[in-house]
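Report on the structure given below.
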Amino acid sequence: MGAKTVNKLAVPGATLHYEVTGSGPVLLLIAGAGTDAGVFSGMVGQLAAEYTVVTYDPRGNSRSRYDGDAADESIEQSAADALALIDAVAGHEPAYVFGTSSGAITGLELITRHPDRVRMLVAHEPPCTEVLPDADDARAFFEDVYETYREDGLTAADVVFMMGTGMDDDAMPPMEDLLPEYRELAERMQANAANFYEHKLLPFTRYMPDLDALKQVADRVVPAAGLESYAHLPGRPIEVVAEHLGWPVVMFPGGHGGYSSHPAPFATHLAHLLKTDTL
């Protein structure tokens, strides 16, 4: 598999923590929401047999510190961060990209702005709910989550968010029951939660993808969703995107966090998809 290296990359306004494992074509995995590189730990070993796997903590999450005060997320900046990592690891070569949740939104913006730098994008459940016919309801829901966080705190916001997104079934076991490495990840994610609600939730869910631009690169965008979650709010927008691209949605094992709950079959499915690349 090759040794893992842990690295830092300075980008405007932040310093990104990223990890590189394996050899072969570069595959960038983009985590979502308040998570970080650790959510992919169950898949990296398998994928690193054929790819140079790059994982990172998105800006403001875990070990990727803001240079100054926290700021509301800019999707353009998030895509620029992903591009900087591709440039740092792949040089002039384009990279494969897998993004999940808000990481899939980053991927959509990346391939829209820099189509020559992405060999293939697998966009897993981007919560770009503005494309939905009932976008007003979705927008009101996320604003309710935000207001709940501001008025009643993290725990209350978590309950509203999890129930409204169908992720209450994905709840993790109690912290004391987790293996040490998973406990560390869970603690980091808990520490990221306030920043997620404060600075990331609304900018990402209000993102409107450029569907016409995406259609120009439709042969390199794979719309993806979880078998157990595609009918829930975060899984639904990719259906609309897929219709514009002219592709069916590819189903992955598990739910919104299937990469973490079903890592081996998820990685197998992802590797199989990447092999359909005709470049």
For residues that are small (Gly, Ala, Ser) and closer than 30 Å to His269 by Cβ, tally how many sit in the range 123-172. 6
Looking only at the range 123-137, and only at residues there that are surrounded by fewer than 24 Cβ atoms within 10 Å (Cβ to Cβ) and aliphatic (A, V, I, L, M), the one that is farthest from Pro25 (Cα to Cα): Ala135
All but one of (1) among the polar types (S, T, N, Q); (2) open to solvent by 10 Å² or more (accessible area, probe 1.4 Å); (3) outside any loop (DSSP other than H, G, I, E, B) hold for Thr35, so report the exception by its number. (3)
Can you pull out every residue in the range 234-259 that is open to solvent by less than 20 Å² (accessible area, probe 1.4 Å) and within 18 Å of Asp137 (Cβ to Cβ)? Pro234, Gly235, Pro237, Ile238
What is the one condition in (1) buried (at least 17 other Cβ atoms within 10 Å of the Cβ); (2) at pLDDT 95 or above; (3) part of a helix (DSSP H, G or I) that Lys215 does not satisfy? (1)
Can you tell me which condition Ser260 does not meet? The list is (1) under 18 Å from the mean Cα position of the chain (by Cα); (2) at pLDDT 95 or above; (3) not β-branched (Val, Ile, Thr), and all the others hold. (2)
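In the range 103-156, which residues are acidic (Asp, Glu), more than 22 Å from the chain's Cα centre (by Cα) and part of a helix (DSSP H, G or I)?
Looking only at the range 103-156, we keep the residues that are acidic (Asp, Glu), and these are 109, 116, 125, 130, 134, 136-137, 143-144, 147, 151-152.
Still in the running and more than 22 Å from the chain's Cα centre (by Cα): 134, 136-137, 144, 147, 151-152.
Scanning the range 103-156 gives Asp136, Asp137, Asp144, Glu147, Glu151, Asp152.
Can you tell me which residue in the range 62-76 is farthest from the chain's Cα centre (by Cα), limited to those that are crowded, with 19+ Cβ neighbours inside 10 Å and closer than 18 Å to Pro209 by Cα?
Within the range 62-76, the first condition is being crowded, with 19+ Cβ neighbours inside 10 Å, and the residues that meet it are 62, 64, 73, 75.
Then drop every residue that is not closer than 18 Å to Pro209 by Cα, which leaves 73, 75.
Numbers: Glu73: 14, Ile75: 12 Å.
Taking the candidates together, the pick is Glu73.
Does at least one position in the range 62-70 carry a residue that is closer than 18 Å to Pro126 by Cβ, out of contact with any Cys (no Cβ under 6 Å at 6 or more places or on another chain) and polar (S, T, N, Q)? Before the answer, list the steps.
First pass over the range 62-70, keeping only residues closer than 18 Å to Pro126 by Cβ: none.
Looking through the range 62-70, none of the residues is closer than 18 Å to Pro126 by Cβ, out of contact with any Cys (no Cβ under 6 Å at 6 or more places or on another chain) and polar (S, T, N, Q).
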If you check every pair at least six apart or on different chains, which have Cβ atoms under 9 Å apart with a residue in the range 267-279 that is under 12 Å from Val97 (Cβ atoms) and hydrophobic (A, V, I, L, M, F, W, C) first and a residue that is part of a loop (DSSP other than H, G, I, E, B) and at pLDDT 90 or above second? Leu274/Pro25; Leu274/Glu50; Leu274/Tyr51
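Only residues that are out of contact with any strand residue (DSSP E or B) (no Cβ under 8 Å at 6 or more places or on another chain), farther than 27 Å from Gly153 by Cβ and either part of a loop (DSSP other than H, G, I, E, B) or in contact (Cβ under 8 Å) with a residue 60 or more places away in the chain (or both): list them for the range 218-247, please.
Within the range 218-247, Glu228, Ala231, Arg236, Pro237, Val240, Gly246 qualify.
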Note: among Ala231, Ala224, just one is crowded, with 16+ Cβ neighbours inside 10 Å, modelled with pLDDT of 90 or more, at negative phi and not charged (D, E, K, R), namely Ala224
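The values are calculated or read from the model by the stated rules, or taken from the named source; none is laboratory data. Given the structure is predicted, the values throughout are model-derived calculations rather than measurements. Quick reminder, even Gly has a Cβ in these numbers, built from the backbone with ideal geometry, and neighbours come from all protein chains shown. Only protein heavy atoms, including side chains, enter the accessible area calculation; ligands, DNA and RNA are left aside. Shrake-Rupley method; radii C 1.70, N 1.55, O 1.52, S 1.80 Å.
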